[in-house]
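Values quoted throughout were computed directly from the atomic coordinates according to the rules given, and no laboratory measurement underlies them. Nothing here was measured: the structure is a model prediction, and the numbers come from that model. Heads up, the Cβs are rebuilt from the backbone with ideal geometry, glycines too, and the neighbour counts pull from every protein chain shown.
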Amino acid sequence: MKYFTFTEFERSATATRYAIDNTIPDKLKGNVAALVDNVLDPLREAWGAPLTVTSGYRCPQLNKLVGGVATSQHTKGEAADITTGNKANNRRLFQKLIDMGLPVDQAINENGFSWLHISHRADGKNRGQILAL
């Protein structure tokens, strides 16, 4: 984990507002590290500028509160929503991710490139889905 930290994945304004402990359980830290090492760090390296994690790990209570589905990869430490800070650059980053052929389970353009949802399965059984919601 060169460019990202576990703290970034735990940070949540909603968790803070509702006093929810969103600490990543030790048993899931390997999943976060696999996502970062296999996808996010190489993408960040190629991008050449910081990327912001807007939603990383979500404990079940937080996930429910923000309207996430019960099976969300965020609850497994296998997903992150990221942004460059603007839609135009998010669009370019999404294309870079595709061009690099990184091992994603899902790469989702969310809400017209408002942010990107990126997931990677730690077991290596990634579907390579490229989607838009």
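Remarks
- Spacing of the two label points (7 Å from each Cα toward its C-beta) at A49 and K2, in nm: 1.9 nm
- The C-alpha radius of gyration of the chain, expressed as a fraction of 2.2 N^0.38 Å, stands at 0.97.
- The relative contact order of the chain comes to 23 percent, based on Cα pairs under 8 Å that sit 6 or more residues apart.
- Once the gyration tensor of the Cα atoms in the range 72-133 is diagonalised, the equivalent ellipsoid follows with semi-axes of 19, 13, 9 Å, ordered largest first.
- Sequence-ordered 3J(HN,Hα) estimates for the range 46-56 from the Karplus curve with 6.51, -1.76 and 1.60 and θ = phi - 60° stand at 5, 5, x, 8, x, 10, 9, 7, 8, 7, x Hz, glycine and proline given as x.
- Every helix of 4 or more DSSP H residues in the chain counts as -39500 (n - 2.57), and over all residues that averages to -9500 deg cm²/dmol at 222 nm.
- Remark on W115: its backbone amide H falls under 5 Å from those of E110, a criterion applied only to residues 5 or more positions apart or on other chains, H modelled at 1.01 Å from N.
- With 5 Å bins beginning at zero, the pair-distance distribution over Cα atoms of the range 3-63 amounts to 4, 18, 27, 22, 15, 9, 4, 0 %.
- With q set to 0.13, 0.21 Å⁻¹, the log10 of I(q)/I(0) for the range 63-105, from the Debye formula over equal scatterers at the Cα positions, is -0.40, -0.84.
- Cα lying deepest toward the dipole's positive end in the range 6-132, options T54, S114, P103, charges on Cβ: S114
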